[in-house]
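Engineer: Below are the structure tokens for one structure; questions will follow.
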Amino acid sequence: VVTIAGPVESVTPGAAAFSVSKTGALVYQPSSQRGSRLVWFDRAGKQLSVLGDEAEYSNIEISPDGSQLLTSVSDPALRTRDIWVVEMARGVRSRLTFDPSDERSAVWTADGKGVVYTSKGLDLYVKPLGPGAEAPLLVNHASKDPRGFTPDGKFLVYRQNGIGTRNDLWVLPMDGDRKPRPFLNTPFDENAAAFSSKGVDRKSTRLNSS
């Protein structure tokens, strides 16, 4: 193996920014390895404060009580992400996941005591904030990301890659038979979703989204 160029910009494993032409010319985007910061702004755009140190942050979610936030932090050397919890008052962050695979898109459970996220590159896992091990929540080997819970915590909406339908939105009941059901699976690309304060109408099995 001979290094001919690099380092190359990469957002996730397998997504490096380079291409080779038919003539053999190589074009690539050099890795910037630049960090980012977590910054509070008011509604007028005035910066209020900075949380913690510089890192490669993504997928930020504030806890139900507003005291903490979840974020994925990239390891520049491994090019994988782990889930971290940031304490708002002090700006101190602590690592929640340690698996060598890529962890992303973490959301809080409705009570704020647990976290659901994508791990192993595809599936959904859940982990408590306190003592307790990671547990599989939905494993079907299709790429997916959690988007959020109903206020009562009984339903989770998530994005899943469909066969021939690109990204679709699905709902996972957290009790009963826990059988996922599609909400939007069209030829179009459905990705981001959030439950309204009304959650789910059980009589009509209708999902209120916003």
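The values are calculated or read from the model by the stated rules, or taken from the named source; none is laboratory data. Owing to the predicted nature of the structure, the values given are computational and were not obtained by experimental measurement. Note that we place each Cβ from the backbone using ideal geometry, even for glycine, and neighbour counts take in every protein chain shown. Note: areas computed on protein heavy atoms with side chains; ligands, DNA, RNA excluded. Shrake-Rupley method; radii C 1.70, N 1.55, O 1.52, S 1.80 Å.
Engineer: Taking R0 as 41 Å, what FRET efficiency do you get between Val39 and Thr3 from their Cβ-Cβ distance, rounded to the nearest 0.05? Kindly include the intermediate steps, with their values, before the conclusion.
Structural biologist: On the way: r = 36 Å, r/R0 = 0.89.
Step by step, r from the Cβ atoms, then E = 0.65.
Engineer: Would you mind telling me the share, in percent, of accessible area of segment 75-210 contributed by carbon and sulfur at probe 1.4 angstrom? Kindly include the intermediate steps, with their values, before the conclusion.
Structural biologist: Numbers: 3950 of 7060 Å².
After summing per-atom areas, the C and S share lands at 56 percent.
Engineer: Working only with C-alpha atoms, what are the Rg and Dmax values of segment 23-94, expressed in angstrom?
Structural biologist: Radius of gyration, then largest Cα-Cα span, for segment 23-94: 15.9, 57 Å.
Engineer: Per residue, how large is the accessible surface of segment 10-123? Use a 1.4 angstrom probe and give square angstrom.
Structural biologist: Details: 6530 Å² over 114 residues.
Spelled out: the 1.4 Å probe surface of segment 10-123, per residue, equals 57 Å².
Engineer: Treating only the Cβ atoms of Lys and Arg (+1) and Asp and Glu (-1) as charged, compute the dipole magnitude of segment 1-123 about its Cα centre; round to the nearest 20 debye.
Structural biologist: Numbers: 13 positive and 15 negative charges, 64 e Å.
Dipole of segment 1-123, to the nearest 20 debye: 300 debye.
Engineer: Toward the positive end of the charge dipole of the chain, about the Cα centre and with charges on Cβ (Lys, Arg +1; Asp, Glu -1), which of Pro187, Tyr57, Gly45 goes farthest?
Structural biologist: Pro187
Engineer: If you average 1/r over all unlike Cα pairs in segment 69-138 and invert the result, what Kirkwood radius do you get in angstrom?
Structural biologist: Values: mean 1/r = 0.0815 Å⁻¹.
Computed over Cα pairs of segment 69-138, the Kirkwood hydrodynamic radius comes out at 12.3 Å.
Engineer: Suppose the chain between Ser143 and Ala194 were pulled fully straight at 0.36 nm per residue; how much longer would it get relative to their current alpha carbon spacing? Spell out each step's value before the answer.
Structural biologist: Working: separation 51, 0.36 × 51 = 18.36 nm, distance 1.88 nm.
Additional length available on full extension: 16.5 nm.
Engineer: Right, next: Here is the link list: Lys22/Lys144; Lys46/Lys198; Lys46/Lys120; Lys144/Lys198; Lys113/Lys179. Which ones come out longer than 27 Å on Cα distance? Before the final figure, lay out the partial values.
Structural biologist: Numbers: Lys22/Lys144 35 Å; Lys46/Lys198 33 Å; Lys46/Lys120 39 Å; Lys144/Lys198 24 Å; Lys113/Lys179 23 Å.
Those over the limit are Lys22/Lys144; Lys46/Lys198; Lys46/Lys120.
Engineer: Right, here's the next one. Compute, for the chain, the length of the dipole vector about the Cα centre, with Cβ point charges of +1 (Lys, Arg) and -1 (Asp, Glu) only. Units Debye, rounded to 20. Intermediate results must be reported in sequence, preceding the final value.
Structural biologist: Working: 26 positive and 24 negative charges, 93 e Å.
In debye, rounded to 20, the chain gives about 440.
Engineer: Rg/Rh for the chain to two decimals, with Rh computed the Kirkwood way over all alpha-carbon pairs. Show your work: numbers first, answer last.
Structural biologist: Numbers: Rg = 19.2 Å, Rh = 19.1 Å.
Checking Rg against Rh, the ratio lands at 1.01.
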